[in-house]
1. For VAL24, what accessible area in Å² do you get when you roll a 1.4 Å probe over the heavy atoms of the protein chains, rounding to the nearest 10?
2. Would you please give the FRET efficiency between VAL45 and ALA21, computed as 1/(1 + (r/R0)^6) with r the Cβ-Cβ distance and R0 = 25 Å, to the nearest 0.05?
3. Say each of ARG59 and ARG13 gets a label point 7 Å from the Cα, pointing the same way as Cα to Cβ; how far apart are those two points in nm?
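The values are calculated or read from the model by the stated rules, or taken from the named source; none is laboratory data. These numbers come from a predicted model, not from an experiment. Glycine also receives a Cβ, built like all others from the backbone with ideal geometry; neighbour counts cover every protein chain displayed. SASA here: full protein model, heavy atoms, side chains in, ligands and nucleic acids out. Shrake-Rupley method; radii C 1.70, N 1.55, O 1.52, S 1.80 Å.
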Amino acid sequence: MADDKTNVSVQGRNRINLNEAREVKDWTHALGVSEQELRNAVAVVGDQAERVREFLTRRS
């Protein structure tokens, strides 16, 4: 079902919701960063997943 948000992979989402503990856990795992690093990246570039990925890649 298209509206079933429980069946969406991290890679399939284009925004990062820091208010959802499960999403934070999924994104930190997928991106290989700590929760604080994820929160800092979102604060700098916004919640669009691709921008966050790019930001985290550039900082390395």
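1. 10 Å²
2. 0.70
3. About 1.8 nm, to one decimal.
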